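Have a look at the structure below, then the notes.
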Amino acid sequence: MNHITAPLPSWGMIAIIVGIGCVLMGLVWTVGRKRGSTAEDFLTGGRGIGHGMTNASIVATWIWAATLMTSSWTGYSYGFIGPWWYGLGAVLPLPIIGFLGMRLRKVMPHVRSYPEFISFRLDKKNHILLTIISVVVSVTVAIMIVSGASVMAVSFADVPYWLVALLLLAIFVSYTSIAGLWASVFSDTIMVLFMYAAMAVLVFGILFKVGPSAIYDGLVDVIKTKPVLQPEATAASQSYQYDPLNIANVGGICFLIVNIIGNLGAVICNQTYWARSIAAKDAKTIGKSFGSAAFCWTPVPIAVATALGLYALSSKLTVGEIYQNGGLSMLFSEADSVAPLSAFLSMGILGLLCFLIATMGASVSTGAGEIMSVTTCVVNDIYKGHINKNATDKQILVLSRVMLAVVAAFVYGIVMFLRHIEFPFSAMYQAMGIAFSSAVIPVILALVWKKTNRNGVFAAIIIGALCGIAYWVHAGFDMNWGVVFSNIIVMGISVIIVIAWSLIKPENFDFKKLKNSGINMAQSSGEKPEAV
C-alpha cells in the first residue's frame with residue numbers, strides 16, 4: 001500500500017482548493033465589500049436579497065458533502081431505494097422551514113436569529129438552551145462538511161487530511177469575514193451553478209457509458225452471489241447489500257426514519273436556514289425560494305447516488321481493495337468514500353474532476369454558512385443578548401470577524417479528533433438526530449401556537465434528548481435499530497411533553513407584542529428588552 005498512485009498529485013488538489021478560495025474571496029471583495037459595513041448588514045445580509053440568490057443559496061447550503069457522499073453510500077449499502085429515501089427524507093424540512101420563515105418575518109420583522117425570537121416569545125432559559133442547540137447543530141454540520149470533503153480529497157490525491165481540513169476552514173472564514181451573511185449567500189449562488197454542471201456530467205456520463213442494464217444485471221448478481229464487500233461490517237449491514245432491488249429493504253427503511261428525524265433537527269434547529277429567511281427581501285420571496293429550492297434540490301442526491309452508489313454495488317467494489325483506471329490506482333479505504341471511487345472508475349479523470357468540483361462547491365457553500373450561523377448566535381444572542389447589552393456597532397463587527405476564526409479553529413480540532421479515533425461521518429449523520437431533534441416540535445409550536453407553554457418547551461427538549469441518548473447508550477451505540485429507536489424516542493417524548501403541558505397550562509401568548517421587538521431594536525433605543 002505504500003506504493004499506491006493517487007489519481008491526482010497533491011499539488012493539484014491543493015491548487016484546486018486554494019483556487020476556489022481565492023476566486024470567491026476576490027468576487028466578494030469586488031462586488032460586496034461594502035455590504036458588511038454595519039453589524040446589521042453583516043449579520044442579516046441586509047434583509048433585501050431576492051428570489052434568485054435566496055433560492056440558489058438554499059439549494060447550495062442543503063447540498064452537503066453528505067448529499068453526495070452519504071447518499072451514494074446509501075445506494076452502495078441498501079440498493080436502489082437508498083438514494084430515494086435519502087432525497088425524499090431530507091427534502092421534507094425545506095417547505096416546513098419556508099413556512100416557518102414567513103411566519104417569523106411576519107411576527108418579528110427585526111429578528112436576527114431564531115433563538116432571539118425564543119427569547120421574546122418564551123424566556124431566558126429557553127433562549128440560552130436554543131442558542132446552545134443552534135450552535136451545536138451548526139458545528140456538527142460543519143464537522144460533517146469538512147470531514148466528508150477531506151475524505152474525498154485524500155481518496156483522490158496523496159494529500160494530508162489535516163491540510164485539506166485546514167484549507168477548507170480558512171476559505172470559510174476568508175470571504176465571510178468581508179461581508180458576513182451576504183457573502184455566504186452570494187458565494188452559494190456562484191457555486192451552485194458549478195455544482196449542477198459537474199453533477200450533470202457525472203450522472204449522464206455513467207448513464208451512457210455504463211448503462212442501466214449493466215447496473216441492473218450487476219445488482220442481480222449481488223443477490224445471487226452475496227459477495228463480502230465490507231469485511232468489517234456487521235452481518236446485518238452486509239445482509240442489506242444482498243437485497244438491493246427491494247423497496248422494503250430493512251436497512252433502507254431504518255435509514256429513512258433516521259434521515260427524516262435527523263434532518264428535521266438539522267434544519268429547524270439550525271440558524272443557517274432561518275438566516276436565509278431573515279436575509280430575504282420579504283415573506284413572498286421566502287415562500288417562493290424555499291418551495292422552488294425543494295424541487296431543485298431533491299433530484300440531486302437521488303440522481304447522483306443512483307449513478308455512483310449503484311454503480312459501486314453492481315461492480316462489487318470491496319472496501320480495502322485497490323482499483324486501477326488508466327494507469328492510475330485508488331484505494332477504497334472506507335465505505336464512506338464509495339462516491340469518489342465510482343466517479344474515478346466509471347469516468348476516469350473527468351469523473352474525478354467533476355466529483356471534486358461538486359463536493360468542494362458543496363463543502364464551501366454549506367460550511368461557510370454554518371460557521372456564519374454559529375457566529376451570529378454567539379455574537380447576537382450570547383454577547384449582546386446577555387454579556388454586553390450596550391455593545392456598539394463597531395464592537396459587534398469586530399467580534400463577529402474574530403468569532404469566525406475562533407469557530408473555525410474549534411471545528412478543526414473536533415474534525416482532527418474524530419479522524420484520530422476513526423469515527424466515520426456517515427455514522428455522525430445518522431446519529432445527529434438523537435442530539436438535537438427533541439427541539440424541533442417545541443420550536444415549531446412556539447412560533448405557530450399561542451398556547452405553547454415555556455416550561456413545557458424547556459422540559460420537552462431536555463427530557464426528550466436525555467431519553468433518546470440513554471436508550472442509544474443502552475443499545476451499545478448500535479447503528480441499526482438502536483439509532484432508529486433512539487431517534488423515534490427523542491422526537492416522540494418531546495412531542496408528548498410539550499403538547500400535554502401546553503394543553504394543561506396554556507399561555508395564550510399575543511404575537512403582536514413581537515412586532516417591534518428584538519435584541520438590537522430594544523437596546524439601540526435604550527429600552528430594556530421585554531423578554532417574557
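The values are calculated or read from the model by the stated rules, or taken from the named source; none is laboratory data. A quick note: this is a predicted structure, and the numbers were derived from the prediction, not measured. Methodologically, a virtual Cβ is constructed for each residue, glycine included, from the backbone with ideal geometry; neighbour enumeration extends over all protein chains shown.
Could you give every pair whose Cβ atoms fall below 9 Å, whose first residue belongs to region 415-428 and is on the phi < 0 side of the Ramachandran plot and modelled with pLDDT of 85 or more, and whose second residue is among the polar types (S, T, N, Q) and in a helix (DSSP H, G or I), counting only separations of at least 6 or pairs across chains?
415/147; 415/150; 418/147; 419/147; 419/150
Given the criteria of a type in the set (Asp, Glu), surrounded by fewer than 23 Cβ atoms within 10 Å (Cβ to Cβ) and at negative phi, does residue 158 qualify?
For residue 158, the condition - of a type in the set (Asp, Glu), surrounded by fewer than 23 Cβ atoms within 10 Å (Cβ to Cβ) and at negative phi - is met.
In region 333-347, which residues are modelled with pLDDT under 90 and either part of a helix (DSSP H, G or I) or touching an Asp or Glu at 6+ places or on another chain (Cβ under 6 Å) (or both)?
335, 336, 337, 340
Does region 105-113 contain at least one residue that is over 25 Å from residue 435 (Cα atoms), in contact with a strand residue (DSSP E or B) (Cβ under 7 Å, 6 or more places away or on another chain) and crowded, with 21+ Cβ neighbours inside 10 Å?
From region 105-113, those over 25 Å from residue 435 (Cα atoms) are 105-111; that's our starting set.
Okay, now just the ones that are also in contact with a strand residue (DSSP E or B) (Cβ under 7 Å, 6 or more places away or on another chain), so none.
No, the conditions are met nowhere in region 105-113.
Checking the conditions here, which among 459, 446, 500, 531 is at pLDDT 95 or above, touching a Phe, Trp or Tyr at 6+ places or on another chain (Cβ under 7 Å), over 30 Å from residue 77 (Cβ atoms) and of a type outside the set (D, E, K, R)?
Going through 459, 446, 500, 531 in turn, just one is at pLDDT 95 or above, touching a Phe, Trp or Tyr at 6+ places or on another chain (Cβ under 7 Å), over 30 Å from residue 77 (Cβ atoms) and of a type outside the set (D, E, K, R): 459.
Scan region 301-325 and report the pairs whose first residue is at positive phi and whose second residue is not β-branched (Val, Ile, Thr), with Cβ atoms within less than 7 Å and a gap of 6+ or a chain change.
316/227; 316/229; 320/231; 320/332
Residues that are modelled with pLDDT of 95 or more, over 19 Å from the mean Cα position of the chain (by Cα) and under 18 Å from residue 204 (Cα atoms): list the helices (runs of 4 or more DSSP H) wholly contained in region 249-315 that include at least 1 such residues.
Working: elements: 250-268, 271-279, 283-297, 299-314.
It comes to 299-314.
Would you mention how many residues in region 96-116 are outside any helix (DSSP H, G or I) and charged (D, E, K, R)?
1
Any residue at all in region 117-127 that is in contact (Cβ under 8 Å) with a residue 12 or more places away in the chain, part of a helix (DSSP H, G or I) and within 22 Å of the chain's Cα centre (by Cα)?
If we filter region 117-127 for residues that are in contact (Cβ under 8 Å) with a residue 12 or more places away in the chain, which is where we start, we get 117-127.
Now drop any that are not part of a helix (DSSP H, G or I), which leaves 117-121, 124-127.
Keeping just the survivors that are within 22 Å of the chain's Cα centre (by Cα) gives none.
No: zero hits.
Whether any residue in region 11-24 is touching a residue at least 12 places away in the same chain (Cβ under 8 Å), touching a Ser or Thr at 6+ places or on another chain (Cβ under 7 Å) and in a helix (DSSP H, G or I) is what I want to check.
Looking for residues that are touching a residue at least 12 places away in the same chain (Cβ under 8 Å), touching a Ser or Thr at 6+ places or on another chain (Cβ under 7 Å) and in a helix (DSSP H, G or I), one finds at least one in region 11-24, hence yes.
Is region 373-384 home to any residue that is touching a residue at least 60 places away in the same chain (Cβ under 8 Å), within 30 Å of residue 279 (Cα to Cα) and more than 26 Å from the chain's Cα centre (by Cα)?
yes
So for region 325-340 (the condition being surrounded by fewer than 23 Cβ atoms within 10 Å (Cβ to Cβ) and closer than 22 Å to residue 211 by Cβ), does at least one residue qualify?
Yes, region 325-340 contains a residue that is surrounded by fewer than 23 Cβ atoms within 10 Å (Cβ to Cβ) and closer than 22 Å to residue 211 by Cβ.
What is the one condition in (1) of a type outside the set (Ser, Thr, Tyr); (2) under 27 Å from residue 211 (Cβ atoms); (3) touching a Phe, Trp or Tyr at 6+ places or on another chain (Cβ under 6 Å) that residue 304 does not satisfy?
(3)
For residue 229, state whether it is more than 23 Å from residue 349 (Cα to Cα), of a type in the set (A, V, I, L, M, F, W, C) and part of a loop (DSSP other than H, G, I, E, B). Working first, answer last.
Values: more than 23 Å from residue 349 (Cα to Cα): yes; of a type in the set (A, V, I, L, M, F, W, C): yes; part of a loop (DSSP other than H, G, I, E, B): yes.
It is true that residue 229 is more than 23 Å from residue 349 (Cα to Cα), of a type in the set (A, V, I, L, M, F, W, C) and part of a loop (DSSP other than H, G, I, E, B).
Looking at region 66-73, is at least one residue modelled with pLDDT under 90 and small (Gly, Ala, Ser)? So that I can check it myself, show each step before the final result.
Within region 66-73, the subset modelled with pLDDT under 90 is 66-70.
Next cut, small (Gly, Ala, Ser) only: 66.
Yes, region 66-73 has at least one match.
Among the residues of region 484-497, are any modelled with pLDDT of 95 or more, surrounded by 14 or more Cβ atoms within 10 Å (Cβ to Cβ) and in a loop (DSSP other than H, G, I, E, B)?
No, there is no match, as no residue in region 484-497 is modelled with pLDDT of 95 or more, surrounded by 14 or more Cβ atoms within 10 Å (Cβ to Cβ) and in a loop (DSSP other than H, G, I, E, B).
Say whether the condition of being among the acidic types (Asp, Glu) and surrounded by 15 or more Cβ atoms within 10 Å (Cβ to Cβ) is met by at least one residue in region 243-256.
Taking region 243-256 and keeping what is among the acidic types (Asp, Glu), we get 243.
From what is left, the residues that are surrounded by 15 or more Cβ atoms within 10 Å (Cβ to Cβ) are 243.
Yes: region 243-256 contains one or more residues that are among the acidic types (Asp, Glu) and surrounded by 15 or more Cβ atoms within 10 Å (Cβ to Cβ).
Return the residues of region 195-205 that are surrounded by 17 or more Cβ atoms within 10 Å (Cβ to Cβ) and either modelled with pLDDT of 95 or more or of a type in the set (A, V, I, L, M) (or both); say none if nothing qualifies.
Within region 195-205, 195, 198, 199, 201, 202, 203 qualify.
Considering every residue within region 40-51, establish whether at least one is out of contact with any Pro (no Cβ under 7 Å at 6 or more places or on another chain), within 11 Å of residue 181 (Cα to Cα) and not in a helix (DSSP H, G or I). First the steps, then the outcome.
Our first condition is that a residue be out of contact with any Pro (no Cβ under 7 Å at 6 or more places or on another chain); within region 40-51, this holds for 40-51.
Still in the running and within 11 Å of residue 181 (Cα to Cα): 40-47, 49.
So of that shortlist, the ones also not in a helix (DSSP H, G or I) come out as 49.
Yes.
Let me confirm something: among 376, 359, 366, which residue is crowded, with 21+ Cβ neighbours inside 10 Å, outside any loop (DSSP other than H, G, I, E, B), among the hydroxyl-bearing types (Ser, Thr, Tyr) and out of contact with any Leu (no Cβ under 6 Å at 6 or more places or on another chain)?
Details: 376 fails: out of contact with any Leu (no Cβ under 6 Å at 6 or more places or on another chain); 359 fails: out of contact with any Leu (no Cβ under 6 Å at 6 or more places or on another chain).
On inspection, the qualifying residue turns out to be 366.
Out of all the residues in region 450-470, is one or more outside any helix (DSSP H, G or I), touching a Cys at 6+ places or on another chain (Cβ under 8 Å) and either over 25 Å from residue 116 (Cα atoms) or among the basic types (Lys, Arg) (or both)? Talk me through it step by step, then tell me what you get.
To start, the set of residues in region 450-470 that are outside any helix (DSSP H, G or I) comprises 450-453.
Add one more test, that the residue is touching a Cys at 6+ places or on another chain (Cβ under 8 Å), and what stays is none.
No: region 450-470 contains no residue that is outside any helix (DSSP H, G or I), touching a Cys at 6+ places or on another chain (Cβ under 8 Å) and either over 25 Å from residue 116 (Cα atoms) or among the basic types (Lys, Arg) (or both).
Scan region 181-188 and tell me whether some residue there is acidic (Asp, Glu) and surrounded by fewer than 24 Cβ atoms within 10 Å (Cβ to Cβ).
no
If we keep just the residues of region 206-242 that are charged (D, E, K, R) and either buried (at least 17 other Cβ atoms within 10 Å of the Cβ) or at pLDDT below 95 (or both), which is nearest to residue 339 (Cα to Cα)? If you could, list the steps in order and put the result at the bottom.
Step one: filter region 206-242 for residues charged (D, E, K, R), giving 209, 217, 221, 224, 226, 232.
Narrowing the set further to residues that are either buried (at least 17 other Cβ atoms within 10 Å of the Cβ) or at pLDDT below 95 (or both) leaves 209, 232.
Values: 209: 17, 232: 19 Å.
Per the stated criteria, the residue is 209.
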